[in-house]
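One structure is given here, and the rest of the page talks about it.
The values are calculated or read from the model by the stated rules, or taken from the named source; none is laboratory data. These numbers come from a predicted model, not from an experiment. Positions of Cβ are generated from backbone atoms using ideal geometry, with glycine treated the same way; all protein chains shown enter the neighbour counts.
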Amino acid sequence: MVDILIIGSGPAGCTAAIYAARAGRSVKIIVGDQPGGQLTTTSLIENYPGFPEPISGQELMDRMRLQAENMGVNMESDVIKSVDFSSRPFVCLGESSIFYESKAVIVATGAGAKWLGIPSETQYRGAGVSSCATCDGFFFKNKDVAVIGGGNTAVEDAIYLAKFARSVTLIHRRDSLRAEKIMQKRLLEHPKINIIWNSQVEDIIGDGTRVTGLQLRNVLDNGESSKAIDGVFIAIGHKPATEIFRSKLDLSDEGYVITKACSTQTSVTGVFAAGDVCDPIYRQAITSAGHGCMAALDANQFLE
Ligand code: NDP
């Protein structure tokens with residue numbers, strides 16, 4: 001039994017843990033299946049205050065984790081597979097078959113990559129289809145790759161992949177990007193990166209074992225074309241990791257945990273949420289960290 005169980009180890013979870021431990025609470029973080037969360041799959045972070053030089057997502061999360069551990073936070077390498085919030089103490093069951101009891105819970109499970117939803121994407125996942133440029137980019141040294149999407153992730157991935165690949169083609173369904181202007185400028189000026197505008201991926205083509213190309217459709221004139229590539233990185237956004245909270249917490253139509261206005265309180269008293277799992281708008285490392293702080297303060301006040 002701990003005072004506060006935190007589910008998730010990204011910026012929200014780690015910051016919540018640091019604040020809760022400093023308030024004198026016993027705290028356990030259930031690390032989840034992606035220790036450190038999504039930030040560990042991004043390349044360089046240039047907009048986290050306090051780091052004037054770019055820092056890798058992995059290093060930033062290693063530091064947050066160490067800071068939490070230095071405060072006495074217990075990190076548990078487990079993945080929560082079901083929760084019982086019907087009575088207190090709350091009980092969360094891990095894949096390890098361990099039952100974790102706590103007086104309060106902070107849900108900080110973040111979000112996972114969205115996929116296009118075409119069958120060939122599943123068929124070739126790990127054989128040329130990826131959602132993680134920093135994990136898999138190295139395998140495409142001197143190859144031709146495509147990145148799908150027009151947000152910060154897609155643009156960052158394209159620039160990162162251009163370090164290894166022979167060529168990078170960014171394919172976007174509209175004629176303008178939603179990524180930050182500074183990132184757009186770097187992308188547009190990069191000699192190895194081309195952009196195909198107004199186009200959707202209709203199919204991922206392969207030889208049965210590996211990806212060899214893409215079938216594209218122009219959304220303006222419906223024209224079909226194909227593009228030979230060795231790998232495709234899907235960077236079309238994220239969806240909240242809330243499967244285990246269905247029917248346990250109030251969720252929005254898009255699956256985000258609903259919290260009360262100006263609070264991290266969920267629909268169950270004593271259960272709080274922070275970070276990308278409840279934020280469809282800002283979704284930044286720094287806003288997640290701030291949100292984690294708020295959840296720890298709310299949980300501490302609840303326990304008091
Ligand atoms: P976004 O939601 O910002 O962008 C998703 C992109 O994918 C959009 O361009 C969207 O197109 C496109 N898209 C969505 N669905 C489809 C589909 N089915 N087919 C084709 N294209 C599709 O997601 P990101 O992951 O890029 O970013 C998420 C958040 O994380 C943002 O707030 C971003 O700012 C932040 N982030 C910040 C970073 C940083 O600060 N260093 C780095 C990475 C992310 P359309 O534009 O037409 O909607």
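Residues to consider are Lys185, Lys181, Lys163, Lys192; find the one that is more than 10 Å from the ligand (Cβ to nearest atom) and under 18 Å from Thr41 (Cα atoms). One residue alone meets the criteria, Lys163. Among the residues examined, Ser252 does not qualify as small (Gly, Ala, Ser) and either away from the ligand (no atom under 16 Å from the Cβ) or under 19 Å from Gly151 (Cα atoms) (or both). So, Val277, is that one within 16 Å of the ligand (Cβ to nearest atom), at pLDDT 95 or above and under 24 Å from Arg246 (Cβ atoms) or not? For Val277, the condition - within 16 Å of the ligand (Cβ to nearest atom), at pLDDT 95 or above and under 24 Å from Arg246 (Cβ atoms) - is met. Take Gly149 and decide whether it is of a type in the set (Gly, Ala, Ser) and in contact (Cβ under 8 Å) with a residue 40 or more places away in the chain. Yes.
Evaluation of Phe233 against the conditions (1) in contact with a Gly (Cβ under 9 Å, 6 or more places away or on another chain); (2) modelled with pLDDT under 95 shows that the sole unmet condition is (2). Scanning segment 184-195 for residues being assigned to a strand (DSSP E or B) and surrounded by 16 or more Cβ atoms within 10 Å (Cβ to Cβ) gives a total of 2. Taking the condition of a type outside the set (S, T, N, Q), over 29 Å from Lys181 (Cα atoms), more than 18 Å from the chain's Cα centre (by Cα) and surrounded by 14 or more Cβ atoms within 10 Å (Cβ to Cβ), does Gly126 pass? For Gly126, the condition - of a type outside the set (S, T, N, Q), over 29 Å from Lys181 (Cα atoms), more than 18 Å from the chain's Cα centre (by Cα) and surrounded by 14 or more Cβ atoms within 10 Å (Cβ to Cβ) - is not met.
Go through segment 1-32 and give me each residue that's within 20 Å of Phe99 (Cα to Cα) and among the hydroxyl-bearing types (Ser, Thr, Tyr). Passing the criteria: Ser9, Ser26.
Yes/no matrix, rows are residues, columns are (1) of a type in the set (Ser, Thr, Tyr); (2) more than 10 Å from the ligand (Cβ to nearest atom); (3) farther than 20 Å from Thr109 by Cβ:
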| residue | (1), (2), (3) |
| --- | --- |
| Arg22 | no, yes, yes |
| Ser26 | yes, yes, yes |
| Gly32 | no, yes, no |
| Gly36 | no, yes, no |
| Glu53 | no, yes, yes |
| Leu60 | no, yes, no |
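Of all residues in segment 247-292, those satisfying the criterion of being surrounded by fewer than 18 Cβ atoms within 10 Å (Cβ to Cβ) and not in a loop (DSSP other than H, G, I, E, B) are Ile286, Thr287, Gly290. Of all the residues in segment 196-233, those that are part of a strand (DSSP E or B), of a type in the set (S, T, N, Q) and out of contact with any Asp or Glu (no Cβ under 7 Å at 6 or more places or on another chain) number 6. When Leu116, Leu220, Leu170, Leu177 are checked against the criterion of being over 21 Å from Gln58 (Cβ atoms) and over 23 Å from the mean Cα position of the chain (by Cα), Leu220 stands alone in meeting it.
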